[in-house]
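The structure appears below as structure tokens.
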Amino acid sequence: MKQIVIITTGGTIAMAADESSGSVLPKGSDTLKEVLPLMERYAQVTMEHLLDLPSPHMTPLDMHTISLRVTELLSSPEVDGIVITHGTDTLEETAYYLDLIVPSEKPIVLTGAMRSQDELGADGPPNLVHAVRTAAHNRSRNRGVLVVFNDEIHAASQVTKTHTSNLATFRSPSQGPIGTVTKRDILYHRSTDRYPLFPQKKPACRVELIKATAGSDDLLIRASLASGVDGFIIEAFGAGNLPPAMLPGLKEALARKIPVVLVSRCYNGFVEDTYGYEGGGSQLKKMGLIFSNGLNGQKARIHLLAALQKSRDPEELHLLFQRSLHD
């Protein structure tokens, strides 16, 4: 049987309601051990407690810690795959960071829960079992980091959390899931695009994510410049357009050789150099903004944090945001 290691990092899947306050609080990784007997028919499973963090507490440095342990475990010929339990709020960011950093063809699968273990219809146990089944499946190799939730398999680069409480919160808006977990098998519908791997170095840069709204100016951009920011992700309108009042701050950033990556605040679609008016995508492209090729804001931030570990040259950063097929 395949040897699968479950790494626990916290999140709702390892929480329960506190009787005195009614609040949902961490209860430790031991609570997940009750699920281990359900996996015996699919793989030989061991569980390792690494972190115990609510996902809003997760940082890029914590993601780096996870990546080092995952890389170490997967270097062993005795380990066939990794499952990581994680809080849902930042799960997609950790999954994408690992997808960019960890050099392994063995399956890496993230999962979690929307309902704590003591709630009616808790989804943690089935999600964890299905994640182990996915990690142990031969066809899961060389597909990048995967996210398994609610009987669906998603690519780390495409998945996002879309609902605050629904069990089907994780979706891939542009293309849908890449696979399905059935009662009898793991089925894949398509392959996925992957980016080249980046150096597995400790994150040391500051990248700010700024969302454009009607009437936005460059106040937040200039404040970030004053604080010593290393890069910007700008969530623009529609296909990649900004209020003119944001442009002076962006021009200052570009003059300082600080990379500015453009994404859309829409959860589906791409940014393009379509409109030629002031603040339109055509002007932004000519200014030197990096167009993100469909990444959402939070993933573009992770991508830039990783890319800055390889280069700070504007031209090379443009290239590092271009997709490359690894399948």
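Where a number appears in this text, it was derived from the coordinates with a stated rule and is not lab data. Predicted, not measured: the structure shown is a model, and the values here were computed from it. Using ideal geometry, Cβ is built from the backbone for each residue, glycine included, and neighbour counts are taken over all protein chains shown.
Between A245 and R190, what is the FRET efficiency for a Förster distance of 41 Å, r being their Cβ-Cβ separation, to the nearest 0.05?
Working: r = 42 Å, r/R0 = 1.03.
Once rounded, the FRET efficiency stands at 0.45.
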Checklist line | Tilt relative to the chain, helix 91-101 - C-alpha long axis, 0 to 90 degrees, to 10 | finding: 80
Checklist line | Candidate lysines for bridging to K2, where Cα separation is under 18 Å - those fewer than 8 sequence places away on the same chain excluded | finding: K106
Check: Taking a 18 Å limit on the Cα-Cα distance, which of the listed pairs K257/K310; K285/K310; K211/K299; K201/K285 fall beyond it?
Finding: K285/K310; K201/K285
Note to self: Placing one identical point scatterer on every Cα of the stretch 1-132 and ignoring solvent, what is log10 I(q)/I(0) from the Debye formula at q = 0.11, 0.12, 0.21 Å⁻¹?
What the structure shows: -0.36, -0.43, -1.26
Checklist line | Karplus (6.51, -1.76, 1.60) ³J(HN,Hα), θ = phi - 60°, over the stretch 221-231, in Hz, Gly and Pro reported as x | finding: 5, 5, 5, 5, 4, 5, 8, x, 5, 9, x
Check: Starting at 0 and stepping by 5 Å, how many percent of the alpha carbon pairs of the stretch 69-167 end up in each bin?
Finding: 2, 14, 25, 25, 17, 10, 5, 1
Next item on the list: Quick one: among I210, I84, I153, which has the greatest mean-square fluctuation in a GNM of the chain with alpha-carbon springs under 10 angstrom?
Entry: I210
Next item on the list: For the chain, find the longest principal axis of its Cα atoms and tell me its angle to the long axis of helix 297-307, 0 to 90°, nearest 10.
Entry: 90
Next item on the list: Under a 10 Å cutoff between Cα atoms, tell me which one of G231, G87, G276 has the largest fluctuation in the Gaussian network model of the chain.
Entry: G276
Check: List the aspartates and glutamates whose alpha-carbon lies under 12 Å from that of K161, not counting same-chain residues fewer than 8 positions away?
Finding: D89, E92, E93
Notebook entry, point to check: Once the piece of chain linking H57 and K310 is laid out straight, how much longer is it, given 0.36 nm per residue of separation minus the C-alpha distance between them?
Noted result: 88.5 nm
Checklist line | For the stretch 262-327, fraction of C-alpha pairs farther apart than 13 Å, in % | finding: 66
Notebook entry, point to check: To the nearest 20 debye, what is the magnitude of the charge dipole of the chain about its Cα centre, counting +1 on the Cβ of each Lys and Arg and -1 on the Cβ of each Asp and Glu?
Noted result: 720
Next item on the list: Taking the dipole about the Cα centre of the stretch 253-299, with the C-beta of Lys and Arg at +1 and of Asp and Glu at -1, give me whichever of G276, G297, A255 is farthest to the positive side.
Entry: A255
Notebook entry, point to check: Under a point spin-label approximation (7 Å from Cα along Cα-to-Cβ), what is the R265-K33 distance to one decimal in nm?
Noted result: 4.8
Next item on the list: Determine the principal axes of the Cα atoms in the stretch 168-327, then give the extent along each, sorted from largest to smallest and rounded to whole angstroms.
Entry: 57, 35, 25
Margin query: Compute the helix-to-body angle for 60-74: its Cα long axis versus the longest principal axis of the chain, expressed 0 to 90° and rounded to tens.
Written below: 50
Next item on the list: Any chance you could tell me what percent of the C-alpha pair distances in the stretch 185-255 go past 14 Å?
Entry: 68
Check: Among D99, D218, D313, which one moves the most in a GNM of the chain with springs linking Cα atoms closer than 10 Å?
Finding: D313
Item checked: Where only C-alpha atoms are counted, convex hull volume of the chain per residue in Å³ -> 134
